[in-house]
There are 2 protein chains.
Amino acid sequence: MAQGSTAVPEPARRPRGRPPKAPHALDEGNRRQELLRGAARLFRHKGFAATTTRDIAAAAGMQSGSPFYHFESKAALLFAVMEQGMRAALQNQAQALQAALAKPPEVLLRTLVRTHFDVLLGPGSDFIPVMLYEWRSLTPAQRAGIASLQRDYEAAWAAALDALCTAGRIGADARVARLMFLGALNWSVQWYKPRPGASLDELTDQAMLLFLPDNSRRTA
Amino acid sequence: MAQGSTAVPEPARRPRGRPPKAPHALDEGNRRQELLRGAARLFRHKGFAATTTRDIAAAAGMQSGSPFYHFESKAALLFAVMEQGMRAALQNQAQALQAALAKPPEVLLRTLVRTHFDVLLGPGSDFIPVMLYEWRSLTPAQRAGIASLQRDYEAAWAAALDALCTAGRIGADARVARLMFLGALNWSVQWYKPRPGASLDELTDQAMLLFLPDNSRRTA
DNA sequence: CCTACCGATCGGTAGG
DNA sequence: CCTACCGATCGGTAGG
């Protein structure tokens with residue numbers, strides 16, 4: 001553009017060097033996703049404060065300053081990881097609950113447990129663990145946003161557990177039962193290693209046996 | 001000492017300024033303890049990586065470089081916090097178990113739960129939460145040391161839970177039951193706030209009701 | 001235990 | 001999205 005006619009002749013074609021990676025205009029969302037996935041994995045394993053934006057850039061094959069083209073700040077990246085994790089979890093939960101809509105609370109609870117283990121320990125599940133263990137790294141405003149999503153997620157649990165408490169199947173107070181139950185499951189992030197003979201189905205069986213000993217054989 | 005006789009006359013006495021704080025020689029251990037307590041509190045609330053050695057120094061009323069007179073490095077401080085926390089917890093546990101030595105496993109378990117809540121949520125209880133939530137900040141060598149203390153601590157739990165599994169009072173696998181049980185308790189760090197009507201005794205009642213619904217009324 | 005300081009690293013930005 | 005860079009901060013140290 002506006003190049004003088006006396007410009008030096010250019011090499012014209014240069015097939016060496018890296019090929020122009022996927023020339024689609026919609027790749028921007030793709031790069032953003034790569035940053036989120038890398039950030040989730042790094043935040044989970046090293047923690048938010050110990051992860052540098054350079055680590056995250058490198059995980060997505062970028063230079064050190066480039067993440068800031070996609071995200072305002074490191075804090076915004078953390079929030080985006082948690083928000084995306086919670087939205088995906090809510091979607092999983094809603095889908096699973098549709099299949100168990102009018103079923104007894106035992107079946108409802110089992111569905112929730114199985115879905116929760118998926119979100120927590122399944123493939124590509126770094127987002128929710130980050131949310132569980134980096135809460136303190138959020139600003140108060142960010143916390144409010146995530147807390148609102150968490151309330152939605154826990155509403156289904158409260159319903160199932162309330163029913164079981166009322167029916168006398170659970171002895172403790174409903175709120176404490178929910179907190180301890182979810183705590184028991186969430187803690188699995190610390191010790192669960194996928195291996196033959198320890199599938200998420202079997203883990204679900206164990207959790208149900210522990211909390212509802214009488215009639216927890218698979219009901220579906 | 002070795003002062004020349006022609007030294008300029010000194011102001012001799014100067015009652016202003018801070019008084020010479022406790023001139024005992026054994027204060028060194030005291031200062032070290034102050035650093036540990038401050039570090040535990042800061043590590044717990046801000047995380048290890050987000051806590052600066054300057055924060056810790058300030059919490060103990062020292063200058064920025066002074067913690068390194070007492071500890072080799074920031075990492076050594078973290079390890080010392082966890083180690084001291086675990087040794088205190090083991091001592092508490094052993095003492096509580098003496099009073100429940102030949103009792104049935106339900107009583108044993110209740111004793112362990114109550115002691116655990118004390119260590120986890122009682123006054124001055126920042127050390128164990130740091131251990132629970134900063135595991136990844138340890139070096140592999142440090143981890144081995146803490147893991148050994150944890151094995152000792154969990155041995156008593158394994159004994160009580162094995163007995164309850166054998167007796168059919170707990171349905172799940174003994175190992176998974178232990179992990180989920182401790183997870184449910186450990187998670188309380190995230191939500192428990194001391195307030196009237198939510199004492200650690202009552203929390204213990206709730207935990208026993210949830211996991212051993214039949215006969216969990218206080219037995220002692 | 002303080003003073004003064006160092007080298008390294010970090011989140012973020014300007015300009016293209 | 002890269003290049004080049006900045007100011008601030010951090011863990012740690014020398015010397016007293």
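Filtering the range B:55-73 to residues that are under 22 Å from B:G145 (Cα atoms), buried (at least 18 other Cβ atoms within 10 Å of the Cβ) and more than 7 Å from DNA strand C (Cβ to nearest atom) leaves only B:F71.
Here's the yes/no breakdown for (1) within 16 Å of DNA strand D (Cβ to nearest atom); (2) of a type in the set (D, E, K, R); (3) touching a Ser or Thr at 6+ places or on another chain (Cβ under 8 Å); (4) not in a loop (DSSP other than H, G, I, E, B):
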position: A:A50; (1), (2), (3), (4): yes, no, yes, no
position: A:D55; (1), (2), (3), (4): yes, yes, no, yes
position: A:S64; (1), (2), (3), (4): yes, no, yes, no
position: A:F68; (1), (2), (3), (4): yes, no, yes, yes
position: A:A76; (1), (2), (3), (4): yes, no, no, yes
position: A:T111; (1), (2), (3), (4): no, no, no, yes
position: A:F117; (1), (2), (3), (4): no, no, yes, yes
position: A:L132; (1), (2), (3), (4): no, no, no, yes
position: A:I146; (1), (2), (3), (4): no, no, no, yes
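If the condition is being in contact (Cβ under 8 Å) with a residue 12 or more places away in the chain and among the β-branched types (V, I, T), then the range A:146-183 contributes A:I146, A:I170. Condition check: more than 16 Å from DNA strand D (Cβ to nearest atom) and away from every other protein chain (no Cβ under 14 Å). Does B:A59 satisfy that? No; evaluated as a whole, the condition is false for this residue.
Regarding the range A:118-131, can at least one residue be identified that is within 14 Å of another protein chain (Cβ to nearest Cβ) and either of a type in the set (D, E, K, R) or within 16 Å of DNA strand C (Cβ to nearest atom) (or both)? Yes, the conditions are met somewhere in the range A:118-131. Taking the criterion of being touching a Leu at 6+ places or on another chain (Cβ under 8 Å), at the interface with chain B (Cβ under 7 Å from one of its Cβ atoms) and in a helix (DSSP H, G or I), the residues of the range A:156-180 that qualify are A:V176, A:A177, A:M180.
Since every read-out is calculated from the coordinates, none of them should be taken as a lab result. Because the structure is a prediction, the values reported are computed rather than measured. Here the Cβ is made from the backbone with ideal geometry for all residues, glycine too, and neighbour counts use every protein chain on show.
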